[in-house]
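One structure is given below, encoded as structure tokens.
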């Protein structure tokens, strides 16, 4: 159980499997159907279960102790995130953490980004986060990039340890971009640093324009907001100017870009932003 947000599963308990095509899926948390990947089980049991039990069983009835558990989980996550960030810096890798509600179009946005990118100038690999299935990782591979799928089980967000494990399998190139698609959720991912350079929050025009006001923690944590599916604006009741106003009310420093991943509107500006950030990461 994730004490900070109440989602199920021991996120530090991970194992992986490789399919017949060499594609890796990492499973985090409780998966009754998983088996025969004992080398990862042995590694993680050694440092996670003792740590968890030391903080959980005795404190369920105390608000102060609950806060202590939450702080401990976030502290351990931040330590791993710092290691991820050091790895990215050492290898001049731009890491972005894409967050949104389910259905915002993150996967299509990443797929179109890959299709538009020059692999010599902008090499991209992707870490996909979902509760179940490898559907999104398959879509990313079809678009032309290497991808590692993380299944979180009952967990509602990625954490730094999951990304650390995925990086071992992903083996991103020096001077490349690693795009991390988090689980669709505008609450819990705001708390968990993955070691990324920037959080990129994606909102679609089929959602409410007041999302930044309803989920302020996420929009405060993000450096860029991509408003996706703008080709649908003539057909929906969405005030795009108000949405940007609300985002800047919550976070005056946030940058806003308007895009349509399916029609291509605004994608040139998004690609320019991405290329500029990668250049900065390689300096």
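The values are calculated or read from the model by the stated rules, or taken from the named source; none is laboratory data. If you're wondering where the values come from, they're calculated on a predicted model, not measured in any experiment. Here Cβ is always computed from backbone atoms with ideal geometry, including for glycine, and neighbour counts include all displayed protein chains.
Condition first: assigned to a loop (DSSP other than H, G, I, E, B) and either within 19 Å of residue 172 (Cα to Cα) or in contact (Cβ under 8 Å) with a residue 24 or more places away in the chain (or both). Now tell me which residues in segment 125-144 satisfy that. Selection gives 131, 134, 144. For segment 175-185, the count of residues that are in contact with a helix residue (DSSP H, G or I) (Cβ under 7 Å, 6 or more places away or on another chain), crowded, with 22+ Cβ neighbours inside 10 Å, modelled with pLDDT of 95 or more and in a loop (DSSP other than H, G, I, E, B) is at least one.
Listed by first and then second residue, the pairs linking a residue in segment 239-252 that is at positive phi to a residue that is at pLDDT 95 or above, with Cβ atoms under 6 Å apart and 6 or more places separating them unless they lie on different chains, form an empty list.
The sole residue among 122, 109, 96 that is under 19 Å from residue 181 (Cβ atoms), assigned to a loop (DSSP other than H, G, I, E, B) and in contact with a strand residue (DSSP E or B) (Cβ under 9 Å, 6 or more places away or on another chain) is 122. Under the condition of being free of Cβ contacts under 8 Å to residues at least 40 places away in the same chain and part of a strand (DSSP E or B), the residues counted in segment 215-233 number 2. Within segment 61-78, the set of residues being loosely packed, with under 13 Cβ neighbours inside 10 Å and either in contact with a helix residue (DSSP H, G or I) (Cβ under 7 Å, 6 or more places away or on another chain) or at pLDDT 70 or above (or both) comprises just one member, 75. Hey, can you tell me all the residues within segment 145-171 that are assigned to a loop (DSSP other than H, G, I, E, B) and buried (at least 24 other Cβ atoms within 10 Å of the Cβ)? If the condition is that a residue be assigned to a loop (DSSP other than H, G, I, E, B) and buried (at least 24 other Cβ atoms within 10 Å of the Cβ), then 152, 155, 157, 158, 159 are the ones that fit. For segment 231-243, which residues satisfy the criterion of being surrounded by fewer than 19 Cβ atoms within 10 Å (Cβ to Cβ) and under 17 Å from residue 100 (Cα atoms)? 240 - this is the single residue of segment 231-243 that is surrounded by fewer than 19 Cβ atoms within 10 Å (Cβ to Cβ) and under 17 Å from residue 100 (Cα atoms). Within segment 115-123, can one find any residue that is modelled with pLDDT of 95 or more and within 17 Å of the chain's Cα centre (by Cα)? No, because not a single residue in segment 115-123 is modelled with pLDDT of 95 or more and within 17 Å of the chain's Cα centre (by Cα).
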